[in-house]
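Input: a single structure, listed below in structure tokens.
Values quoted throughout were computed directly from the atomic coordinates according to the rules given, and no laboratory measurement underlies them. Owing to the predicted nature of the structure, the values given are computational and were not obtained by experimental measurement. Positions of Cβ are generated from backbone atoms using ideal geometry, with glycine treated the same way; all protein chains shown enter the neighbour counts.
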């Protein structure tokens, strides 16, 4: 996974090389994400369920529980999962190849030792097939190099997303990781209500989708790819989107619109190999936002930093 350009901070992402590890990690972070979902106070648009990129991996951040706090951290430099709780010694699980079923059992054993008793929905969301975690012996690959590369790519995307987020003074999400599809996202809101969403994600309750998209949005994110679309990419979409949204001219020239998905895409590889990856990505984020804001007639004067 040696970089193909001088941008060594932006690692090369070869989907074939990360695929097996990504599939396992996707299951593992769903388990951790569901623990956060069950223990955090509810927030609009399901913001209470999200995970975050950390200095060495992915974290839940602090979760309030019975008058104290606990936190779960994936460390992709030292390759361990650390569970910490207030005034108790941390519990650690080495990150190595193991089945989803074993990871699930080990994690809940450690939580019990720390006095954190929680029950989650035992099957993954937004994926097919949805094998129950306790029965999943299919996904079991953990390549430390692949895991570290995935984290480094997420970290670079996160840094650029944070910069983009700072220019908006309307309602805006944090830059956060949704474990359903394993994508890093940031969403801007116009302040207007949106039409009732029709759903469509596998193993995702309709009412969750409808609340998540109850307000008009312009959303962008970074997705690591899948078997059906093995191309790590940045994406941008609007909900609802005006008929002319997909016809807007956006930057950079490598960006394209998918009629099937109703989204703009920019391949991670194009960003990684560019002379200035951050600026290329910022151009994509800004121009796709403007495409949404202009075609849907957002009140930009009162939503953007002057």
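Taken together, the residues in the range 5-49 that are farther than 19 Å from residue 158 by Cα and not in a helix (DSSP H, G or I) amount to 7.
On the basis of being in a strand (DSSP E or B), in contact with a strand residue (DSSP E or B) (Cβ under 6 Å, 6 or more places away or on another chain), more than 27 Å from residue 230 (Cα to Cα) and in contact (Cβ under 8 Å) with a residue 40 or more places away in the chain, does residue 70 make the cut? Answer is yes for this residue. Against the test of being out of contact with any helix residue (DSSP H, G or I) (no Cβ under 8 Å at 6 or more places or on another chain) and within 26 Å of residue 203 (Cβ to Cβ), the options 132, 124 yield a single qualifying residue, 132.
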